[in-house]
Amino acid sequence: MSSLNLMSKTFVSFFSFFFFFFFPAMVFLAQVSAARSWHSVSRSSVPCCSFRYVHKHFLPIVTEKEMFSCLIWMLVLLCSSIADENSIRDADIFPSSPEIERGSTLTLFCVLGKRYTPHRNASHIIWKLNHELIAQENYNIVNETVSSITIHNFTYSKAHVKCFTKYLGREQLLVHTEVKSGFPPDIPGNISCIYHFDAELTCTWTSGRETNLTTNYTLYRKMMTEGGVTLLKAAASCQSKMESCSFYYPDTPYSSSFCFQVKAENVLGEASSDCVPIPMEKIEKFEPPEILSVKKISGIKQLLTVTWKMPDKIIPSQDLICQVQYRNLYSNSSEFVTVSLNSAEKTGSCNLTGLWDSTEYSVAIRCSSVVSIFWSEWSRGKTASTEEKAPSEKLDLWKVIESSHSDGSRSVHLMWKPLNSFPPSGRILGYKIQYFPENDAALKMTNTSTDKKITLLLNEEAYIVSVTAYNSAGNSPEAILRIPSTDEKTSQIIETVKTFTTNEEVVVEWIASKPEVTKYVVEWYEELETDPFGRSWQYVSNSTNWKTNKKNFKPFICYNISVYPLYGNKVAAPYSIQAYVQEKKPSEGPVADTGIPGKNEVTIKWTEISKDKRNGFIRNYTIFYKPEDGKELNETVNSDVLQYRLKSLQANTQYTVYIMASNEAGGTSGEPKTFKTLKFNKEDVIFIALPVGLSMLFLLGLWITCILKKRTFKKICWPDIPNPAESIAVEWPLDASLNNSFLKGVTSEAKTTDFEDISVLEHCLPEKSQEGSLLMNCENRVSECTAINAKGMINGDKKILYNEETEVAKRFSPFMPYIITDQEVRSEMHTALIPVKETHPIEMLEGDLCESQQTSIKSEENYNEEVLKLEDFSEKALFNPYLKNSVKTREFLISENLPDHSKDEPKSQSTVLHPFQQNVTGQSYVTLDMFGLATAH
Amino acid sequence: MAAADSSSATLRRHDLCSRGIRLAGKMRSDVVDLLDTYAEQQGLDASASVAAVEGVPAAAVERWDEQTGTQRLLENLAAYRAFRELLAQMLEEQQEQLGEADAALSRALAAVLLQVSAFAYHLEELLRLESRGPPSEEGARPPQPPHLGLFERKLRGLGVLRELAQWAVRSARDLRQLAKPSLGSSSVPSLAESP
């Protein structure tokens, strides 16, 4: 803060001094000075300031710029003085930035400023080399404020030595300096110079060992005399810090007596080379000449004339040489011609002879003084062609014949290649195409073209086609090709062709059956190429193989390669193959089409990949298929197979299938497809449907038959039982009743009683499971039903009928004791039962059942045959389930009371017979048959 | 031994003469260029007639072909020493007179001055070879020019450069004459080679 205050005070006082004293004083002095010199504008300068006065007015003219620069200058002076004072006050190190010899002893002094005294003194000073503390024994306290450090054998190329104070354990950097060590300069050597004429004189040298210190070089240019060397008065030296130095025009006097000396110096010493004489004419380098023309001379072949202009700046009166370099454009090597000139000649020329015909040459020239060791740079090149000559070689001619049109014409595409002669025969101006029918040369037609192809429209005849190239000097020999007629069959000379590739080449080899054929054409084109002129072809002579660089073929493309034998101008039948130079796996896979799957099989179809995506010859297809949650399976088929039937599939299962097309390089799979196998196949359906259908048909037929033949069936199954009452053979006791209208009605009604009538009864039947337990109830209910019926009848319209029935029953009862002896004669049994049925309810109702039954059993044997013919009643018995139950029940019930005679009966009869026996024994049991019959009546 | 020394001296002289010829040619080329620049820069007509410059031996000399080699060298040396002084004066005047815009002319003058100096040294070398050291420069200084006006100084400068160009031609011829092996330093050249 104190220093800042001091600075500001000093600054203010300085400016006050300047404006109030110094500035007016200068103005005054300037006026005086201006008064002395009257003629012109005078310039009076005080350090950096200048004042101009126009003498007429004696007024000072001080520009703002000048005033400002004065102020800045003074401010700098002031600041620097203040800074110096402060630096001395704080700390200082000297010598500052020393440079010493490598390995020598370094001594530095650190001076404490007033600011640090009296609290600190030189004993508080410590030293560091870079970041390392220097040992105390190297310190030397000179006095209270000065400490020195001595470092022996200082080998750092560059290091920082720092001066610190250490007070109360705290280090404070006071000042530091950079120290460099190096070597004194070696004597410069290898001085060489080059003199760019009237532009620059540059000398270079080698400085020897690296000094590591700032080294200045001085190049001296001295005039050599017999008595020694003399320094030129002006511009005799130049300074540099590198190993070269230049004098620039006009400080480039031309003399042959100069010598050049280099002095190197740094803080450690200096070294001077000898003064090396370098005559300037020996180091002279011209500007390059300029080629005016390179041209051929009409009528003179294999010659070009070159003329050029010498550079403007060239030392007159001296001998020069120029070098002409020429190179034809087919060659990498150049040839040279040297031409001598005098500097007085402003232009030069020379003829280049022995050149190739019709060949373009590039020419460049450089020149030099005969005594100089430096050539000028090469001039800009210029090209020209030598005189042309007629092409000496015939063209390679080829054709592509399209198939004939409907009118018999055909397009013949002719193509040819530039001449192979080397050097080529100049610039070809065009091509002449001639063609005529083989049998009529008079019809020769001529076309010209500048292109290397043409399409001719020819008829079906054989043609001779010739093509020549022409330039300004003439025509080439004719290239002739025969176009065969459309119906002509050419012989097959080539037996086989094979192709293979090496690392760099594609090789086509073939075997010909006729060794006398020595010329072939190998033709190749992309399979999908449709442009005839897009085909590539090559003549091959005296060889049955052909090699070309792989770069002539695209990879992954299918090529058609054909070999055509040539004999004379005729072309024999080709042998063609397809080939890939390089394959990669197909770009896409085939798309699978599953069709309609079966139960255990499916047919997978796919289409071929398009040619442009095959990328190689398809070797095979692999069908991958996988059931849902199952293992993937695959089948591989040849490339010519485009569908495959997958068998042994699981029924009713979803499958995923995809096809992989493979070539030599790999395979690519198509999109997966899914399908589901069926649950049943056709056979299953047939096997199921047929029996069902047949069954249905059978049932239908049966039903129809039943409908149609109802009466017949009834007659067969349930034949009419003649009514004994109607018999004429015996006097039926009931004759009287036969005439009774009521009995007739019963008979007729019994015949027509349908199941519905019976069903009324069935409603009263218990379920089978409850058969036993409910039997009695049911029987009771039967009784009830019967009672109800009876009541109904009594109450209903048939009251009269009831009464009549009762009467009939009374009359019947003694004459209807039917006994069934065998189940097989069930119908008979039923029929036998009917009279019982009809009788018993009535009997029950009447209450004297037992007696009447006994009576009827007794009379059974007598009337057995007649009773069995009562068919109408047996039908009702068949559909009555109650009969069975009643039979069983009866069996159970009567086991105790069986009479002795009945036990002797055959067993087969016993089960059926029991009820009757029971009845016979007088048990009061009513069969449903009977009840039903009674109900029906 | 003497023959060998003589042969060596002859070769040396021939070499020096050849180099001198090139120096003279270069000097003439530079002076011709400078003349154009000077006339243009000073606003003078390049074809204006100028009086002979005082203190400079005339390039054209009668009975040139009768001069000996030494004479030729001495006359050349005297002329170029004079030119050196004159050109130095011109350069000083030029620097005082013209500002930065005319620096190109000053540089060209300085270059010719160096050329002249170098050629003078070259002539001294030849004279030494002729077993005759160069004369002292004391007597060769041209007289101090009278106080001239600006235009007169310009004309004088034009005259100096013209004379220098002629001297460059003459020097080349002199040296070519000296380089001829059949002719000794004191021999008389043929009449046909008069400048």
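The values are calculated or read from the model by the stated rules, or taken from the named source; none is laboratory data. This structure is a prediction, so every number in the text was calculated from the model and none was measured. A quick note on method: Cβ atoms are made from the backbone with ideal geometry, for glycine too, and the neighbour counts reach across all protein chains shown.
Of the listed requirements (1) facing chain B (nearest Cβ under 9 Å); (2) touching a Cys at 6+ places or on another chain (Cβ under 9 Å), A:PRO288 misses just one: (1). State yes or no: is A:ALA689 out of contact with any strand residue (DSSP E or B) (no Cβ under 6 Å at 6 or more places or on another chain) and either farther than 29 Å from A:PRO590 by Cβ or in contact (Cβ under 8 Å) with a residue 12 or more places away in the chain (or both)? Answer is yes for this residue. Quick check, is A:ASP186 outside any strand (DSSP E or B), within 30 Å of A:LYS285 (Cβ to Cβ) and modelled with pLDDT under 90? Here the answer is no, as A:ASP186 does not meet what is asked. Checking every residue in segment A:553-561 against the condition of being over 30 Å from A:ILE480 (Cα atoms), in contact (Cβ under 8 Å) with a residue 40 or more places away in the chain and not β-branched (Val, Ile, Thr) gives at least one match. Residue check, A:THR544 against (1) crowded, with 19+ Cβ neighbours inside 10 Å; (2) under 11 Å from A:TRP510 (Cα atoms); (3) of a type in the set (Val, Ile, Thr), all met but one. Which one? Status for A:THR544: all satisfied but (1).
Within segment A:314-339, being within 14 Å of chain B (Cβ to nearest Cβ) and surrounded by 16 or more Cβ atoms within 10 Å (Cβ to Cβ) holds for A:ILE314, A:ILE315, A:PRO316, A:SER317, A:GLN318, A:LEU320. Among the residues making up segment A:518-534, those that are out of contact with any Lys or Arg (no Cβ under 8 Å at 6 or more places or on another chain) and either without any contact (Cβ under 8 Å) to a residue 12 or more places away in the chain or within 14 Å of A:ILE557 (Cα to Cα) (or both) are A:THR530, A:ASP531, A:GLY534.
Each residue in segment A:658-692 was checked for being part of a loop (DSSP other than H, G, I, E, B), among the polar types (S, T, N, Q) and surrounded by fewer than 18 Cβ atoms within 10 Å (Cβ to Cβ), and 1 pass. Out of all the residues in segment A:246-254, is one or more within 14 Å of chain B (Cβ to nearest Cβ) and among the charged types (D, E, K, R)? Among the residues of segment A:246-254, at least one is within 14 Å of chain B (Cβ to nearest Cβ) and among the charged types (D, E, K, R), which makes the answer yes. Within segment A:595-647, the set of residues being under 11 Å from A:ILE659 (Cβ atoms), out of contact with any Pro (no Cβ under 8 Å at 6 or more places or on another chain) and among the polar types (S, T, N, Q) comprises A:ASN620, A:THR622, A:ASN634, A:THR636, A:GLN643. Filtering segment B:46-67 for residues that are within 14 Å of chain A (Cβ to nearest Cβ), surrounded by 13 or more Cβ atoms within 10 Å (Cβ to Cβ), among the β-branched types (Val, Ile, Thr) and touching a residue at least 60 places away in the same chain (Cβ under 8 Å) leaves an empty set.
Could you list, in sequence order, the residues of segment B:1-44 that are more than 13 Å from B:LEU175 (Cα to Cα), modelled with pLDDT of 85 or more and either outside any helix (DSSP H, G or I) or of a type in the set (A, V, I, L, M, F, W, C) (or both)? Of everything in segment B:1-44, those that are more than 13 Å from B:LEU175 (Cα to Cα), modelled with pLDDT of 85 or more and either outside any helix (DSSP H, G or I) or of a type in the set (A, V, I, L, M, F, W, C) (or both) turn out to be B:MET27, B:VAL31, B:VAL32, B:LEU34, B:LEU35, B:ALA39.
Taking first residues from segment A:247-270 that are under 30 Å from A:GLY103 (Cβ atoms) and in contact (Cβ under 8 Å) with a residue 40 or more places away in the chain and partners that are among the small types (Gly, Ala, Ser) and not in a loop (DSSP other than H, G, I, E, B), the Cβ contacts under 6 Å between residues at least 6 apart in sequence or on separate chains come to A:LYS263/A:SER272; A:ALA264/A:ALA271. In summary, B:LEU114 fulfils each of the numbered conditions (1) within 12 Å of chain A (Cβ to nearest Cβ); (2) modelled with pLDDT under 85; (3) in contact with a Leu (Cβ under 9 Å, 6 or more places away or on another chain); (4) surrounded by fewer than 23 Cβ atoms within 10 Å (Cβ to Cβ) with the single exception of condition (4).
Restricting segment B:1-45 to residues that are without any contact (Cβ under 8 Å) to a residue 40 or more places away in the chain and of a type in the set (A, V, I, L, M) leaves a set whose member that is nearest to the other protein chains (Cβ to nearest Cβ) is B:LEU11.
Taking the listed residues A:THR202, A:THR211, A:THR206, A:THR218, the one that is away from every other protein chain (no Cβ under 14 Å) and surrounded by fewer than 16 Cβ atoms within 10 Å (Cβ to Cβ) is A:THR206, with no other qualifying.
So that you can scan it fast, the table gives a plain yes or no per residue for (1) outside any strand (DSSP E or B); (2) more than 14 Å from chain B (Cβ to nearest Cβ); (3) under 60 Å from the mean Cα position of the chain (by Cα); (4) not basic (Lys, Arg):
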site: A:ASN153; (1), (2), (3), (4): yes, yes, no, yes
site: A:ALA159; (1), (2), (3), (4): no, yes, no, yes
site: A:VAL175; (1), (2), (3), (4): no, yes, no, yes
site: A:GLU178; (1), (2), (3), (4): no, yes, no, yes
site: A:MET242; (1), (2), (3), (4): yes, yes, yes, yes
site: A:SER256; (1), (2), (3), (4): yes, no, no, yes
site: A:GLU265; (1), (2), (3), (4): no, yes, no, yes
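Would you check if B:ARG81 is in a helix (DSSP H, G or I), modelled with pLDDT of 85 or more and within 18 Å of B:GLN115 (Cβ to Cβ)?
Spelling it out, B:ARG81 is indeed in a helix (DSSP H, G or I), modelled with pLDDT of 85 or more and within 18 Å of B:GLN115 (Cβ to Cβ).
Please work out which residue is nearest to B:GLY20 (Cα to Cα), limiting yourself to segment B:49-80 and to residues that are within 12 Å of the chain's Cα centre (by Cα) and not aliphatic (A, V, I, L, M). Once the filter is applied, the top-ranked residue is B:ASN76. Looking at segment B:88-101, is at least one residue in contact with a Gly (Cβ under 7 Å, 6 or more places away or on another chain) and either within 14 Å of chain A (Cβ to nearest Cβ) or not polar (S, T, N, Q) (or both)? Yes: one or more hits.
Every residue, every condition in (1) surrounded by 20 or more Cβ atoms within 10 Å (Cβ to Cβ); (2) among the small types (Gly, Ala, Ser); (3) at pLDDT 90 or above; (4) out of contact with any His (no Cβ under 8 Å at 6 or more places or on another chain), yes or no:
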{"site": "A:ASN552", "(1), (2), (3), (4)": "no, no, no, yes"}
{"site": "A:VAL563", "(1), (2), (3), (4)": "yes, no, yes, yes"}
{"site": "A:ASN569", "(1), (2), (3), (4)": "no, no, no, yes"}
{"site": "A:GLY589", "(1), (2), (3), (4)": "yes, yes, yes, yes"}
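Just one of the listed residues (A:GLN302, A:GLN239) is loosely packed, with under 15 Cβ neighbours inside 10 Å, in contact with a Phe, Trp or Tyr (Cβ under 9 Å, 6 or more places away or on another chain) and modelled with pLDDT of 85 or more, and it is A:GLN239.
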